[in-house]
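Here is the structure we will look at, set down as structure tokens.
Values quoted throughout were computed directly from the atomic coordinates according to the rules given, and no laboratory measurement underlies them. Since the structure is predicted, the reported quantities are computational estimates derived from the model, not experimental observations. A quick note on method: Cβ atoms are made from the backbone with ideal geometry, for glycine too, and the neighbour counts reach across all protein chains shown.
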Amino acid sequence: MLGGAGYQNEKFNEFGIKYLRQFSPSFSIETGINYSKSDIKITPEFMGTAIQSRYEKLEIVSVAIYANYTFWRYIFLNGGPIIDFQLSDNSTDSESGIGFGIGVGAKYNFSKFLVFINPNFKRHSILSFEKENYDQHLTEFGVQIGVGYKF
């Protein structure tokens, strides 16, 4: 929207740990905890005079519970609910709540180790823990890269 207010995520980083419980050769339940940090650029709506954009820090801890389905040995789909807890105090809408994530990825096993890449989409706080009347919440398109170990 030309001249409208906006939010933009910059310098986004996410770190976490995952656990997969295998129920069959192709189906697992995946859970984990992630910490994400970014700068939000807030651009106010144009009101006839130049208004300066400002930045705020956004920090979120997320717990995911995904179904993980492997096919063709190296390719997997994963997705399910995410429970988010916003740690930072921001002037934007709260990201604390229940959202969802979905992704498709590839993995390769080396004996007990594996490497993976997981492009994904996440939508945070669809069901907010805060009483708000707004629906502007964080949406992510990202790629997770990791190393795993099979116990």
What are the lysines whose alpha-carbon lies under 19 Å from the alpha-carbon of Lys112, with same-chain residues fewer than 8 places away excluded?
Lys18, Lys150
Reference-scaled alpha-carbon Rg (2.2 N^0.38 Å with N residues) for the chain:
1.22
Once amide H atoms are placed 1.01 Å from N in the peptide plane, what residues at a sequence separation of 5 or more from Ser88, or on another chain, have their amide H within under 5 Å of its amide H?
Glu59
The rounded separation in angstrom of the Cα centers of the range 1-72 and the range 74-151 is 7
Just subtract the alpha-carbon distance of Lys57 and Val143 from 0.36 nm times their residue separation and send over the number in nm, one decimal.
28.9 nm
So which chymotrypsin sites (Phe, Trp or Tyr not before Pro) in the range 48-77 end up in coil per DSSP with only 16 or fewer other C-beta atoms within 10 Å?
Trp72, Tyr74
Magnitude of the Cβ-charge dipole (Lys and Arg +1, Asp and Glu -1) of the chain about the Cα centre, nearest 20 debye, reported as 920
For the chain, modelled as a Gaussian network with Cα springs under 10 Å, which listed residue fluctuates most, Leu77, Leu138, Leu114?
Leu114
If you filter the range 52-151 for trypsin sites (Lys or Arg not before Pro), then keep DSSP loop positions with at most 12 other Cβ within 10 Å, what is left?
Arg73, Lys112, Lys131, Lys150
Run the numbers on the chain and let me know its relative contact order in percent, using alpha-carbon pairs under 8 Å that are six or more apart.
16
